[in-house]
Amino acid sequence: MNRKTNTPEMQEEKCADTKRGRKPTRMLPPANLEGMREQVETIRAGLRSYTWKDLETKGKFSKNEKLSFISEDMLVVGCDVGSETHYARAIDWRGRELSGKAFPFSNDASGFQMAREWALDIAVRNGKNQIVLGFEPTGHYWFALAVWMVSNGISVVQVNPHAVNKTKEVEDNSQAKDDRKDPKLIANLVKDGNYGMPYLPEDVYAEMRALSMMRDQLTEDKGRDMNRLHRELKIVFPEYREAFSKIDGDFTISLLKRGLLPSDLAKLGEEGIRKIWHEDKLRGAGYRRVKDIVNFADKSVGLTQGSEARRKAIVFFANQIEYLTAELKEIEAMLAAKCREIPFAENILEIKGLGVEIMAGIVSEMGDISRFDDAKEIQKLSGLGLVACSSGKHKGQTQISRRGRKKLRYWLFQGALSVVSHNEAFKRIHLYYTTRAENPLKKMQSLIVIACKLLRIIFTILKRGVRFDPDRMLKDIVYPETAKAVA
């Protein structure tokens, strides 16, 4: 019988491990170490990463196909993503843990390389030749990790954070949830086929997603500054709503960015205010309000104490609003230009009531249409999928899930509001849903149904390149008498 050699170097290593409180690591003979290096290089050369383009664009990637993808020769790594440090644990396709404990690595190139080598070492020791990394999407921290791993031959999948939270007690019958427990929960979800393929927009879709996000952020900033400006004016010029027709209008901002308080406006008079507007080259109907501005300013009951500090605040917020308004116009112009680069975008814009702004919002949140096989997938992604909780004799109320991309849901709803207001075909559908004899819908329910219908229309146009046909949309609907009379 051959016995493994026990060299003095191995004994010293065992003693060192014992002192550190770890189990002694079994060292391999030099020949086996050389063979292990060769195996690592072989596996490294044979690693292949799969993305949504490989698995989801060739038909629906069903649960059975997800289970088949996790093969016996694959190492399943679960990763809990953090802002600076990630934690990983590895299991096999049966759920047996192979890593022993969580492996921490930093959110940079050296950390990613260490994680890859750690996974390769475990794969070689356990006879695996492919690696899949699963994670729960945490903000934007996973973007760089996913791209790096895919470019280095490791497939990346993602699990629903809600599923991780619900299964935390299955692991150890404990409500505890931490960075070292989560990776194993994630790995087990991946092993059981409860995962999806992550999607990061590319090319024009990436540009639109970034522009759309920036538009939302600037809109929030502008709203915040508007509210602060309202507060300051309410203190020093309570009558400002009657004096100015629009707080963020060019004529109003022209006066406010100069820090003109009611006493200043009254002293300038009508001619002085007109002169300021002429200097700013303003044209329009705003000149008709100059008399009202002077009258309200002259009789204002606003506070005069602390006027210098108030003046500075008003100047700051007025300049911010002017700047943000100009930036928003530029971003919206860029979005409109990018939107028209999408194939068959012009066919969507032919739908009366559906402008570039709404379409850009929908497409930027939806991404590449080729990754979807059916409009129901996008409906579920937007949180507009119908769900009901029923058991036995109890039949729950059907409602939308509200899970998914809330911005996509927002833009679809805005599109439904717009087409119902400006498009005759959608007006008739809305009237039908709200007045039909059997199961009439409330107005809000009808708008949700129309948002889903609009989504199916956009999906069909982008997939097939067809044009919107209102008669085809309406031909299968039998209207009640009241709707016929109005239509």
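Every number here is computed from the coordinates shown, using simple stated rules; none is lab data. A quick note: this is a predicted structure, and the numbers were derived from the prediction, not measured. Counting neighbours? That spans all protein chains shown, and the Cβs are built from the backbone with ideal geometry, glycine included.
Per DSSP H run of n ≥ 4, the term is -39500 (n - 2.57); total these for the chain, divide by its residue number, and report the mean residue ellipticity at 222 nm rounded to 500 deg cm²/dmol. Helices in the chain give a 222 nm mean residue ellipticity of -18000 deg cm²/dmol.
Working from Cα pairs under 8 Å separated by at least six residues, relative contact order for the chain is 12 percent.
Sequence-distant contacts, meaning Cα pairs under 8 Å at least 6 residues apart, place the relative contact order of the range 47-133 at 30 percent.
Segment residue 374..residue 231, full-extension length gain: 46.6 nm, with 0.36 nm per residue of separation and the alpha-carbon distance subtracted. Subtracting the Cα-Cα distance of residue 179 and residue 473 from their residue separation scaled by 0.36 nm leaves 100.7 nm. Label positions at residue 341 and residue 107, each projected 7 Å from the Cα along the C-beta direction, are separated by 2.8 nm. Counting neighbouring beta carbons within 10 Å and listing from fewest to most, the residues 430, 422, 162, 86 come out as 162, 422, 430, 86.
Cβ crowding within 10 Å, taken as a proxy for footprinting-reagent exposure, orders 339, 389, 452 from fewest neighbours to most as 389, 452, 339. Once backbone amide H atoms are built at 1.01 Å from N, residue 155 has 50, 131, 133 as its partners under 5 Å, excluding neighbours fewer than 5 places away on the same chain. Select one label from (i) 72, 54, 43; (ii) 109, 66, 48; (iii) 77, 51, 50: the one whose number is Cα extents along the principal axes in Å as derived from the coordinates shown. The listed entry that was calculated here is (ii).
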